[in-house]
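Any read-out appearing in this document is the output of simple, stated calculations on the displayed coordinates, not a laboratory observation. These numbers come from a predicted model, not from an experiment. Note that we place each Cβ from the backbone using ideal geometry, even for glycine, and neighbour counts take in every protein chain shown.
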């Protein structure tokens with residue numbers, strides 16, 4: 001155990017301990033305003049360690065972070081940490097892990113469901129479910145690895161929903177009106193063309209380089225994704241293994257991209273679209289305002305692409321390969337768009353039965 005003063009005047013405490021599997025571990029806590037605060041935390045952690053799950057929730061989060069952060073993509077951990085810091089820690093932080101009850105979880109849920117977001121409205125059902133899942137994951141980790149007898153979440157119904165609001169998308173006619181409105185900016189126009197006609201995720205599109213484009217074969221190689229995390233540009237592997245794929249472009253799009261690349265002074269491994277999602281949101285706002293087309297999310301362009309392919313008669317398996325999804329997910333999420341296919345199947349089965 002040790003406490004030290006940092007150059008900026010704050011204090012840092014670190015503790016070595018053995019976990020429930022007798023592995024030697026250590027954790028660090030920074031940012032204490034005084035040596036006294038650092039010593040109090042150190043003493044409290046040592047007491048909690050000797051009594052196992054009598055430690056505070058906030059102290060257990062140091063262990064959870066140490067265990068989980070190296071296993072997750074940086075962007076994934078950033079999202080989890082934001083939920084923990086803003087939506088979970090303020091309620092549970094000072095409670096002892098072994099004293100948190102089912103009623104505490106219910107009261108926390110009620111607070112979350114009544115809380116208003118930045119726009120003065122309640123949180124989306126999908127967001128509530130995501131935060132609830134994160135709390136479940138923390139307590140499950142404590143049960144599995146640190147000897148917590150049972151999770152206080154186990155008997156509580158989850159708040160929120162896995163399914164969001166009604167899926168929004170543009171028809172081809174709506175997209176073409178939008179595209180015409182942003183045609184004055186070649187970078188924005190080309191970026192949106194790729195999103196709509198190829199179904200890429202926005203991060204996949206923003207990570208594209210000239211080396212990913214094969215103009216002779218009219219293909220886009222999707223092997224990475226772009227994100228800005230804490231003000232730092234980051235290019236990582238795609239969302240899932242299924243996301244790594246080769247997408248064939250329509251010929252007109254290949255010609256548009258060739259013209260766009262020719263106008264740039266970039267190397268083979270430089271990003272073709274050196275901006276962020278924020279720029280895309282601004283351009284979406286501009287294009288919708290000028291064209292009069294309803295505003296949808298940028299991610300809804302991916303839904304629009306899938307909708308277009310379904311309308312053209314392609315199968316869930318073929319569409320899934322193109323957009324980097326499992327076919328079962330396409331079938332589940334877009335089932336309401338396949339009504340004619342169901343009727344066709346029934347008619348074919350009826351015709352087959354009559355021939356017997």
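Points worth noting:
- Calculated on alpha-carbon atoms, Rg and Dmax of the range 2-146 in Å: 16.5, 48
- Length released on extending from residue 237 to residue 143, taking residue separation times 0.36 nm less the Cα-Cα span: 30.7 nm
- Angle in degrees between helix 172-181 and the longest Cα principal axis of the chain, rounded to the nearest 10: 80 degrees
- The separation of the range 125-152 from the range 210-269, counted between C-alpha centres, amounts to 38 Å.
- Within the range 239-259, backbone nitrogen closer than 13 Å to the virtual label 7 Å beyond the Cα of residue 75 toward Cβ: 239-241, 243-244
- Rounded tilt (10° steps) of 300-311 against the dominant C-alpha axis of the chain: 40 degrees
- The range 178-226: C-alpha gyration tensor shape, a/c 1.5 cut-off, then a/b vs b/c: prolate
- Direction-averaged projected area, Cα convex hull, the chain: 26.0 nm², rounded to one decimal.
- Cβ-Cβ FRET estimate between residue 67 and residue 266, R0 fixed at 41 Å, reported to 0.05: 0.50
- Extended-chain gain in nm, criterion 0.36 nm per residue less alpha-carbon gap, residue 85 and residue 110: 7.2 nm
- Tensor-based shape of the range 212-286 (alpha-carbon gyration tensor, a/c under 1.5 rounded, otherwise prolate or oblate): oblate
- Between helix 125-146 and the chain: long-axis angle, C-alpha atoms, 0 to 90°, nearest 10: 40 degrees
- Taking label points 7 Å from Cα along the Cα-to-Cβ direction, residue 216 and residue 103 give a separation of 7.4 nm.
- Cα Rg, Dmax (largest Cα-Cα span) when computed across the range 88-195, Å: 21.3, 62
- Extended-chain gain in nm, criterion 0.36 nm per residue less alpha-carbon gap, residue 119 and residue 329: 72.5 nm
- Label-to-label distance, nm, for residues given as residue 297 and residue 95 (7 Å Cα→Cβ offset): 2.9 nm
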